[in-house]
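Peer 1: For reference, the structure I am asking about is given below.
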Amino acid sequence: MSRSQTWFDALATQTFPSWYRSVALADCDLGGGPAARLLSVVPDPDNAFPRARRGEVGLLEGIGLARGVREVIELDSDVADDQRRPIVAIVDVPSQAYGRLEEQFGEYLYIAAAVDAYATARVAGHPVIALVVGSAISGGFLAHGLQASQVLALDDDQIEIQAIHKPAAARITLRTIAELDELAKTVTPLSFDVRVWATLGYCDGLLKVSRADRPTSADADLARGALRDAVTWARATLPTGSSPLRRSAPAGPHSRSGSG
Amino acid sequence: MSDTPALVTERPELQALWHRRSFLELDARARAFSLLDDGTGQEYCDPFDRIESPWLEPQGLVPQADDGVVVVKGRLAGEPCVMIGIEGAFQGGSIGEVSGAKATCALQLAARDARAGQPVSAVLLLETGGVRLQEGTLGLNAVAEILSALLELRGLRPVIGVVTGPLGSYGGMSIVAGLCTRIVLTHEGRLGFNGAQVIESEAGAAEFDSSDHALIWSVNGGAQRYATGLADALVLDDVPAVRQAVITAVAGGVPARHRSEELDVLAARLSSGDDQARFSLTGLGIPPAPSPGPGAAS
């Protein structure tokens, strides 16, 4: 089972029917304050679009994420600023969908719809938190995670955060994978290692869990605690109306360790 | 102007072609100045400021003193406007840390001016393959920041995307096009997320044959995008024609809803009979209409 599903299941308090099976929606009780709305893009082997069956963000996923986020904005349109519910993106996306149908319909616009919704939520005062539990690659991460006000990631060898997957990165930049790996030791933004990524200024927390593939209840507790803290920082630092994406958090990147 | 041949004089429909000044043959800087009112353009962070990418030289690549993005502020039909031109001839028009920051700052400053009562519109001249892979995650985040800044300005003033080719607009930067208030294309402009070669290498030639140029143009081409309602103007590759289309697009102001907010329209496109016929989707079982959303837990 994909990490996008296992972590969604571990954190979901109450799940909701979604418009599309590849976009999972739930509430997550963070223990204080309004429940957070969880969104996760999960594999759907029966997806009507064959190129989006492995958890990629394609056409349906773009609309599904946008609808899920915009619904939260609507639900909270009348509540006090500090009561707007947090939105949490569980991120394990291999990429955008690579397909001809996707291009014909204009996948860029469907991904733009998701970006638009997430950014609108953030500017409206919703804490938007991304929790990277697996892959966070290319258009998938742009659509689902990179408009967050805070980005957390598991401190785990299998986390991959990059502009494109490794074989393509090597091919397009005319290198072997070995050459790319060697270069990434000195040119840090080329690295696929989450610990190196965390030094670049976009990381608001690395979570040391005991079992990243099958989170224990302690792991889920750790994640909930980190999300709760991230929500607090987001509420304290959200400059409503402007772009809060920035290089360094006021509190600075920090690490958390599990008990395991 | 050279002597006009008799053929052109006799056939008025050829005159626009004969007299045109190609826009797509201009570099990014010339494009930006050519669209603004004569003599009003001023470039910011120009090449003599030498704000270069620090990431290229260690990889054996020659940096460029403007990092491939040209920011020129001036007037368009008398109104303040900032042009953000991407240079397709440098690293495939890719966006890195520095070029991305230039575009983001230009959009943020325009938004700041707009909030202060001095409305500045923005025009993005998109000639780009997307994220600069030589700058990895910093390029990816740079694009995310452009998207955020574009959305900040879009509610205040029009942000117009211009895609004339020859490269077109692809990759993460095509999301920029998806967020623009309006899109101006030429027949030579292409717009899409994944290029044919990328799809072919990911999914095979049966999915997308990158040697089939007719197929590429029928999917990503300017005429196709315009015909299917994804662009607002399709113009001749001609400086005055592009400029007029951009002036008209800016004059349209800020709409009540942008394309990227019309979720009902986007969903309907996937399931309508017309589109099913056009894109051979019959039988794929695309959900026809939005089902009820999640319960309103409050």
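Peer 1: Quickly estimate the mean residue ellipticity at 222 nm for chain B, helices only: each DSSP H run with n ≥ 4 gives -39500 (n - 2.57), and the total goes over all residues, rounded to 500.
Peer 2: -11000 deg cm²/dmol
Peer 1: Can you list the chymotrypsin sites (Phe, Trp or Tyr not before Pro) in segment A:88-162 that are in a DSSP coil and have 10 or fewer other beta carbons within 10 angstrom?
Peer 2: On the way: sites: A:TYR98, A:PHE105, A:TYR108, A:TYR110, A:TYR118, A:PHE141; in loops: A:TYR98.
Filter output for segment A:88-162: empty list.
Peer 1: What is the distance in Å between the Cα centres of segment B:168-196 and segment B:57-74?
Peer 2: A separation of 21 Å, based on Cα centres.
Peer 1: Skipping prolines and chain starts, which residues have an amide H placed within reach, meaning under 5 Å, of the one on A:ILE87, given they are 5 or more residues away or on another chain?
Peer 2: A:ARG37, A:VAL128, A:ILE129
Peer 1: Rounded, prolate or oblate for segment A:118-243? Axes are the square roots of the Cα gyration tensor eigenvalues, ordered a ≥ b ≥ c, and the cut-off for rounded is a/c under 1.5.
Peer 2: Working: a/c = 2.34, a/b = 1.45, b/c = 1.62.
It is oblate, given that a/c is not under 1.5 and a/b is not larger than b/c.
Peer 1: Another question, if that's okay. Using only the Cα atoms of segment B:58-119, build the gyration tensor, take square roots of its eigenvalues as a ≥ b ≥ c, and label the shape rounded, prolate or oblate: rounded if a/c is under 1.5, else prolate if a/b is larger than b/c, else oblate. Intermediate values should be presented prior to the final figure.
Peer 2: Details: a/c = 4.04, a/b = 2.20, b/c = 1.83.
Prolate shape, in that a/c is at least 1.5 and a/b is the bigger ratio.
Peer 1: A follow-up question, please. With just the Cα atoms of chain B, tell me how far they stretch along each of the three principal axes, in Å, largest first.
Peer 2: Largest to smallest, the principal-axis extents are 60, 56, 46 Å.
Peer 1: In segment B:1-125, what % of DSSP beta bridges are antiparallel (nearest 5)? Intermediate results must be reported in sequence, preceding the final value.
Peer 2: Details: 11 of 16 bridges.
Approximately 70 percent, going by the DSSP bridge assignments.
Peer 1: Starting from segment A:144-187, pick out the trypsin sites (Lys or Arg not before Pro) whose DSSP state is loop and whose Cβ has at most 13 other Cβ atoms within 10 Å.
Peer 2: Working: sites: A:ARG171, A:ARG175, A:LYS185; in loops: A:ARG175, A:LYS185.
Answer by residue number: A:LYS185.
Peer 1: Counting Lys and Arg as +1 and Asp and Glu as -1, each charge on the Cβ, what is the dipole of segment A:3-257 about the Cα centre in debye, to the nearest 20?
Peer 2: On the way: 26 positive and 31 negative charges, 62 e Å.
Dipole magnitude for segment A:3-257 comes out near 300 debye.
Peer 1: Further question: Given the -39500 (n - 2.57) contribution per DSSP H run of 4+ residues, what per-residue ellipticity at 222 nm results for chain A, rounded to the nearest 500 deg cm²/dmol? It would help to have the intermediate numbers written out before the result.
Peer 2: Values: 9 runs with 95 residues, N = 260.
The helix-only estimate for chain A comes to -11000 deg cm²/dmol at 222 nm.
Peer 1: Can you tell me what share of the DSSP beta bridges in segment A:3-257 is antiparallel? A percent to the nearest 5 is fine. Please list the in-between numbers first.
Peer 2: Values: 9 of 32 bridges.
Of the beta bridges lying entirely in segment A:3-257, close to 30 percent run antiparallel.
Peer 1: Exposure proxy check: B:HIS19, B:HIS187 ranked by fewest other beta carbons within 10 Å?
Peer 2: Working: B:HIS19 12, B:HIS187 17.
In order of increasing Cβ crowding within 10 Å: B:HIS19, B:HIS187.
Peer 1: Using the Karplus curve 6.51 cos²θ - 1.76 cosθ + 1.60 with θ = phi - 60°, work out ³J(HN,Hα) for each residue of segment B:186-200 in order, rounded to whole Hz, and write x for Gly and Pro.
Peer 2: With coefficients 6.51, -1.76 and 1.60, one gets 10, 4, 7, x, 10, 9, x, 7, 9, x, 4, 5, 5, 5, 4 Hz.
Peer 1: Around A:VAL209, which amide H atoms from residues at least 5 apart in sequence, or from another chain, sit under 5 Å from its own amide H, with H modelled in the peptide plane?
Peer 2: A:ASP155
Peer 1: Another question, then. Express in % the proportion of alpha carbon pairs of chain A at distances exceeding 31 Å. Show your work: numbers first, answer last.
Peer 2: Working: 6619 of 33670 pairs.
That fraction is 20 percent.
Peer 1: Got a sec to turn the phi values of segment A:188-201 into Karplus ³J(HN,Hα) couplings, 6.51 cos²θ - 1.76 cosθ + 1.60 with θ = phi - 60°, whole Hz, x for Gly and Pro?
Peer 2: Karplus-based 3J(HN,Hα) across segment A:188-201 equals 4, x, 8, 5, 9, 7, 4, 6, 6, 3, 5, 8, 7, x Hz.
Peer 1: Using DSSP to define loop residues, name the GluC sites (Glu not before Pro) in segment B:112-158 whose beta-carbon has at most 11 other beta-carbon atoms within 10 Å. Don't skip to the end; give the middle numbers.
Peer 2: Details: sites: B:GLU127, B:GLU135, B:GLU145, B:GLU152; in loops: B:GLU127.
Answer by residue number: there is no such site.
Peer 1: Also, quick follow-up: Can you find, among B:LEU26, B:THR181, B:GLY88, the residue sitting farthest towards the positive end of the charge dipole of segment B:23-255, where Lys and Arg contribute +1 and Asp and Glu -1 at Cβ?
Peer 2: Of the listed residues, the answer is B:THR181.
Peer 1: Exposed loop trypsin sites (Lys or Arg not before Pro) only (DSSP loop, at most 16 other Cβ atoms within 10 Å): please give the longest stretch of chain B free of them, not including the sites.
Peer 2: B:51-256
Peer 1: If you take every DSSP beta bridge whose two residues both sit in the protein assembly as shown, what share of them, in percent to the nearest 5, is antiparallel? Don't skip to the end; give the middle numbers.
Peer 2: Values: 21 of 63 bridges.
Given both bridge residues lie in the protein assembly as shown, the antiparallel proportion sits at roughly 35 percent.
Peer 1: Hydropathy at least 0.5 by Kyte-Doolittle, axial extent at least 15 angstrom from the Cα trace: which helices of chain A, defined as entire DSSP H runs, fit?
Peer 2: Details: long enough: A:59-75 (24 Å, 0.81); A:107-124 (26 Å, 0.73); A:217-237 (30 Å, -0.15).
Both cut-offs are met by A:59-75, A:107-124.
Peer 1: I'd like the Karplus ³J(HN,Hα) series for segment B:245-253: coefficients 6.51, -1.76, 1.60, θ = phi - 60°, whole numbers in Hz, and an x wherever there's a Gly or Pro.
Peer 2: So the J values, rounded to whole Hz, are 5, 5, 4, 4, 5, 5, 5, x, x.
Peer 1: Pull out a ≥ b ≥ c, the square roots of the eigenvalues of the alpha-carbon gyration tensor of segment A:71-139, then state rounded if a/c is under 1.5, prolate if not and a/b is larger than b/c, and oblate in the remaining case.
Peer 2: Values: a/c = 3.76, a/b = 1.74, b/c = 2.16.
In terms of gyration-tensor shape, oblate.
All of the numbers you see were taken from the coordinates with simple rules; none came from a lab. Treat the numbers as computed from the prediction; the structure is a model and nothing was measured. Here Cβ is always computed from backbone atoms with ideal geometry, including for glycine, and neighbour counts include all displayed protein chains.
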